[in-house]
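Q: Have a look at the structure that comes next, please.
The values are calculated or read from the model by the stated rules, or taken from the named source; none is laboratory data. Worth saying up front: this structure is predicted, and the values here are computed from it rather than measured. Note that each Cβ is placed from the backbone with ideal geometry, even for glycine, and that neighbours are counted across all protein chains shown.
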Amino acid sequence: MDTWQNFLVIFCGLGLVQSLFLSTILILKDKLNLNALFYSGILLLGLALRLAKSFFVFVPQRYPHPHWGVVAGGAGLWLIGPAFYLYTLHSLNPQRKSKLLYVVHFIPSVVILITGITDYVYYVGIAQSFIYFIISIQMGIPVGARKVPNHFRVLAICVGVILLCFTLQAIKGGIEAYTVGTGVAIATLYVVNYFMVKDSDFFASLTRKPKEIDRSLASQISADLDEVFLKKRIYRNKGLTIAEVAAQVKHPAYLISQSINQQHGIRFNEFVNKFRVQEAMEKLKHGNDKVESIAKDVGFSSTTSLYDAFKKETNLTPQGYRNQFVTS
């Protein structure tokens with residue numbers, strides 16, 4: 001066996017052992033609360049399983065490349081995207097309650113493990129992972145006063161690099177591309193492991209809940225928000241930002257965001273849209289204006305935005321809601 005192959009086997013093996021150990025700690029530390037800590041552990045497990053398949057490629061030929069290694073690698077690949085997506089959901093909003101329905105995201109990975117299928121698993125798995133990854137990155141774009149946790153940035157960059165390595169291996173083919181892809185991916189995995197061990201706040205930042213605002217202050221902020229939303233109808237301003245609201249109510253934007261989350265369990269944009277939908281409902285019920293006109297009047301940037309928010313709030317389309325009040 002060549003020296004470089006020896007090095008890759010040892011390099012990969014140590015990285016995988018570290019990752020499996022850390023993923024186990026993360027999952028156990030979560031205590032089945034299914035929060036960001038748990039999903040970061042599943043993410044690390046998925047990365048380790050996928051790279052384990054690459055590890056076996058470089059093991060000496062006298063130890064045959066096991067089929068179960070290929071299956072485990074495919075199952076791990078299908079874990080990466082969903083785990084990163086669910087980690088993002090809970091990392092950006094620690095107060096979010098996990099739902100049992102989330103396990104649906106991991107069904108393909110379980111099916112791969114049970115059936116042992118490998119045909120097209122890697123190609124489709126890479127595409128699936130990128131779809132989840134792009135959605136997660138879009139959710140992680142800072143909005144208003146919302147701050148993005150440092151650990152999210154680090155993991156996002158590392159997961160992105162590793163997915164690009166997998167793509168290189170799939171597109172280019174050949175031992176050279178496979179070797180380069182594996183080497184970079186494992187090196188990136190070392191970065192993730194190092195970050196988790198070095199960052200003493202990593203585990204705490206994933207599990208702790210934001211300190212609640214004092215009740216009297218929260219009540220004052222709520223009253224001031226009612227003033228500008230119910231009386232001044234500031235929500236009609238298209239593209240309304242939390243900074244504009246902060247300027248009106250004379251409270252810091254971060255306190256407004258935290259107060260809304262604490263009292264309503266939603267984000268600022270959802271809070272604004274609730275008022276817009278309420279007025280839209282009144283206009284649909286008592287008027288004959290076109291939906292496009294109503295969307296513009298209540299502050300939505302487009303008719304599509306109104307439809308999306310309206311369906312989320314009422315489980316009906318605007319026209320479907322209006323039809324309830326049309327007498328034949």
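Q: Return the residues of the stretch 138-172 that are at pLDDT 70 or above and outside any helix (DSSP H, G or I); say none if nothing qualifies.
A: Matches in the stretch 138-172: 140, 141.
Q: Looking at the stretch 29-39, which of its residues are outside any helix (DSSP H, G or I) and touching a helix residue (DSSP H, G or I) at 6+ places or on another chain (Cβ under 6 Å)? Talk me through it step by step, then tell me what you get.
A: Step one: of the stretch 29-39, the residues outside any helix (DSSP H, G or I) are 31-35.
Within the stretch 29-39, just 35 meets the criteria.
Q: Among the residues in the stretch 215-231, are any at positive phi and either surrounded by fewer than 15 Cβ atoms within 10 Å (Cβ to Cβ) or at pLDDT below 85 (or both)?
A: No, because not a single residue in the stretch 215-231 is at positive phi and either surrounded by fewer than 15 Cβ atoms within 10 Å (Cβ to Cβ) or at pLDDT below 85 (or both).
Q: Next up: Take the conditions surrounded by fewer than 18 Cβ atoms within 10 Å (Cβ to Cβ), assigned to a helix (DSSP H, G or I) and modelled with pLDDT under 85 and apply them to residue 26. Does it pass?
A: No.
Q: Quick one: how many residues across the stretch 97-124 are over 14 Å from the mean Cα position of the chain (by Cα), under 28 Å from residue 33 (Cβ atoms) and not basic (Lys, Arg)?
A: Adding up the residues that qualify gives 13.
Q: Those residues that are over 22 Å from residue 81 (Cβ atoms) and charged (D, E, K, R), I need them from the stretch 164-185; list them, please.
A: Once the filter is applied, which keeps residues that are over 22 Å from residue 81 (Cβ atoms) and charged (D, E, K, R), the stretch 164-185 yields only 176.
Q: Still on this structure, I have one more. Restricting to the stretch 295-304, count the residues that are buried (at least 18 other Cβ atoms within 10 Å of the Cβ), out of contact with any Ser or Thr (no Cβ under 9 Å at 6 or more places or on another chain) and either of a type in the set (Lys, Arg) or outside any loop (DSSP other than H, G, I, E, B) (or both). So that I can check it myself, show each step before the final result.
A: The initial filter retains those residues of the stretch 295-304 that are buried (at least 18 other Cβ atoms within 10 Å of the Cβ), namely 295, 298-300.
Okay, now just the ones that are also out of contact with any Ser or Thr (no Cβ under 9 Å at 6 or more places or on another chain), so 298-300.
Next, only the ones that are either of a type in the set (Lys, Arg) or outside any loop (DSSP other than H, G, I, E, B) (or both) stay: 298.
Result for the stretch 295-304: 1.
Q: Six or more apart or on different chains, Cβ atoms under 6 Å: show the pairs whose first residue is in the stretch 115-140 and at positive phi and whose second is of a type in the set (A, V, I, L, M).
A: 116/71
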